[in-house]
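> Pasting a structure below so you can have a look.
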């Protein structure tokens, strides 16, 4: 009876590589295709995490198929191993959430006009492809690698002498880390979005950042 159960388990485990490949396809092909409108965003860091979890899970089931498994020498060793895995898993999840935060799409403004620059800028800021929110926070939501932008309108006009807030923000967005002004508390790492965004998109972002209704 036991031998039959072991044999069935091993036959099941032989199909593990096919299952793992199918799941990898879901992680790297299907998840990136999930529409933004669903509010679900699976960034690179999350896909790497899912892949690592899949590899670890496959390794666990592979160990189950071995003839002999190492027997823990003590209860303390077993509990310590469990605690180590738990701390490592939770720590990695917290690190991923800190470095690459994921948020649902913000609610639309009441007017929600399609031609409204603030509305378009808001959508652009929180769009996963733009990734602005992964480095900058607004209203307590977003990343911490770049300056907090909730009250950026009150500071932007004093960054560069002779540049009003609107002009400074447009320059900073276009030039990124190449801009003459560097925020002292942060490592310059912002890409020059002038090579990515159109002039209209930059204007929309500036309108959103200067809007008091962020």
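> Taking 0.36 nm per residue of sequence separation and subtracting the Cα-Cα distance, how much length would be gained by fully extending the chain between residue 21 and residue 154, in nm to one decimal?
42.7 nm
> Checking the a/c ratio against 1.5 first, then a/b against b/c, what shape does the Cα gyration tensor give for region 117-210?
Verdict is rounded for region 117-210.
> May I ask you to sort 198, 130 by Cβ crowding, counting other Cβ atoms within 10 Å and putting the fewest first?
198, 130
> Each label point is 7 Å from the Cα along the Cα-to-Cβ direction; what then is the distance between the points at residue 129 and residue 213, in nm?
Simple spin-label model gives 2.6 nm for this pair.
FYI, it's all coordinate maths here, none of it is from the lab. Treat the numbers as computed from the prediction; the structure is a model and nothing was measured. Note that each Cβ is placed from the backbone with ideal geometry, even for glycine, and that neighbours are counted across all protein chains shown.
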